[in-house]
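Scroll down for the structure; my scribbles are underneath it.
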Amino acid sequence: MRSLIDISELTTGEIEELIGVANDIIANPEKYSEKCRSKKLATLFFEPSTRTRLSFEAAMLELGGSVLGFSEAQSSSASKGESVADTAKVISCYADIIAMRHPKEGAPLVAARNASIPVINAGDGGHCHPTQTLADLLTIYREKGGFDNLTVGFCGDLKFGRTVHSLISALIRYKNVRFVLISPNELKLPGYVKDKLDKEGIEYTETDSLENSIADLDILYMTRVQKERFFNEE
């Protein structure tokens, strides 16, 4: 079993296989109720979370496993100066897999390089959020039947919205996908993500008007303003 730090680490075939398994779990939950029996998930959340942390914990329990961990950095040895690398090494002795959220970009990658068990990135700063992307792809698949020939609108904080960055990275690998990027000028999609779109020849437009764009969309992806990542609120 390997770590999952960025959605780009999965091939389209692997993504579609995971979607198939997810659909089977939805249809036949009892078939999977003991799949993780005697396995332990460590949820290492250095940043506040409700939905992501509880989703991981609920999923592990539904699969017959158990959960340990912490929900804030202050309740861990990070508050005493322990590094992410050392935390990952220690937790490897207690659990079979780690789900980590951290405010610093790249922290889960550091953990994965030092842990002896797989690490799942549950969100790192404004960088990416691969498991949210898998959930989003499942929703799109169930609603649209696939990922080709879609016009997808992203609206809100596109600068710091890690779920946006991850979902774009996944969707650019499908045919005839087009993006409409809807945000105020201060919260536009980062240049490195637009460079990726340009490199892949993906069509996209930028606008600050949802009203003028919504009729052209197959999917609208809304994001909140990530105020906790602002360096300056002016």
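For the criterion of being more than 11 Å from the chain's Cα centre (by Cα), more than 30 Å from Ser71 (Cβ to Cβ) and at pLDDT 95 or above, Asn185 fails. Count of the stretch 175-186 residues, restricted to those that are assigned to a loop (DSSP other than H, G, I, E, B) and either surrounded by 17 or more Cβ atoms within 10 Å (Cβ to Cβ) or small (Gly, Ala, Ser) (or both), is 2.
Quick grid of which residues meet (1) aromatic (Phe, Trp, Tyr); (2) closer than 17 Å to Gln132 by Cβ:
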position: Ser3; (1), (2): no, yes
position: Gly13; (1), (2): no, no
position: Glu16; (1), (2): no, no
position: Glu34; (1), (2): no, no
position: Lys39; (1), (2): no, no
position: Thr50; (1), (2): no, yes
position: Phe56; (1), (2): yes, yes
position: Leu63; (1), (2): no, no
position: Leu68; (1), (2): no, no
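Of the residues making up the stretch 124-174, not one is on the phi > 0 side of the Ramachandran plot and part of a helix (DSSP H, G or I).
Yes/no per residue for (1) surrounded by 18 or more Cβ atoms within 10 Å (Cβ to Cβ); (2) closer than 25 Å to Gly125 by Cα:
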residue: Ile5; (1), (2): yes, yes
residue: Ser8; (1), (2): no, yes
residue: Val21; (1), (2): no, no
residue: Asp24; (1), (2): no, no
residue: Glu34; (1), (2): no, no
residue: Leu41; (1), (2): yes, yes
residue: Leu44; (1), (2): yes, yes
residue: Thr52; (1), (2): yes, yes
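Residues in the stretch 197-212 include at least one that is assigned to a helix (DSSP H, G or I), free of Cβ contacts under 8 Å to residues at least 60 places away in the same chain and closer than 24 Å to Asp124 by Cα.
Only residues that are over 20 Å from Lys40 (Cα atoms), among the charged types (D, E, K, R) and under 14 Å from the mean Cα position of the chain (by Cα): list them for the stretch 76-114, please. The one that is over 20 Å from Lys40 (Cα atoms), among the charged types (D, E, K, R) and under 14 Å from the mean Cα position of the chain (by Cα): Glu105.
Applying the set (1) surrounded by fewer than 14 Cβ atoms within 10 Å (Cβ to Cβ); (2) under 28 Å from Thr12 (Cβ atoms); (3) at pLDDT 95 or above to Ala215 leaves exactly one unmet item: (2). Residues in the stretch 74-115 that are under 18 Å from Glu57 (Cβ atoms) and without any contact (Cβ under 8 Å) to a residue 40 or more places away in the chain: Ser75, Ser76.
All of (1) under 19 Å from the mean Cα position of the chain (by Cα); (2) surrounded by 13 or more Cβ atoms within 10 Å (Cβ to Cβ); (3) within 29 Å of Leu171 (Cα to Cα) hold for Ala58 with one exception: (2).
Note on the stretch 105-124: among residues that are touching a strand residue (DSSP E or B) at 6+ places or on another chain (Cβ under 7 Å) and surrounded by fewer than 22 Cβ atoms within 10 Å (Cβ to Cβ), the one that is modelled with the lowest pLDDT is Glu105. Restricted to the stretch 115-168, and to residues that are of a type in the set (Ser, Thr, Tyr) and under 15 Å from the mean Cα position of the chain (by Cα), which residue is farthest from Tyr94 (Cα to Cα)? Once the filter is applied, the top-ranked residue is Thr139.
Of all the residues that make up the stretch 1-21, how many are among the aliphatic types (A, V, I, L, M), in a helix (DSSP H, G or I) and more than 16 Å from the chain's Cα centre (by Cα)? Steps first, answer last, please.
As a first pass, look at the stretch 1-21 and keep what is among the aliphatic types (A, V, I, L, M): 1, 4-5, 7, 10, 15, 18-19, 21.
Filter again for in a helix (DSSP H, G or I), leaving 7, 15, 18-19, 21.
Those still in the list that are more than 16 Å from the chain's Cα centre (by Cα) too: 21.
Number of matching residues: 1.
The values are calculated or read from the model by the stated rules, or taken from the named source; none is laboratory data. No experiment lies behind these values; they were computed from the predicted model shown. Don't worry about glycine lacking a Cβ; one is built from the backbone with ideal geometry, like all the others, and counts go over all protein chains shown.
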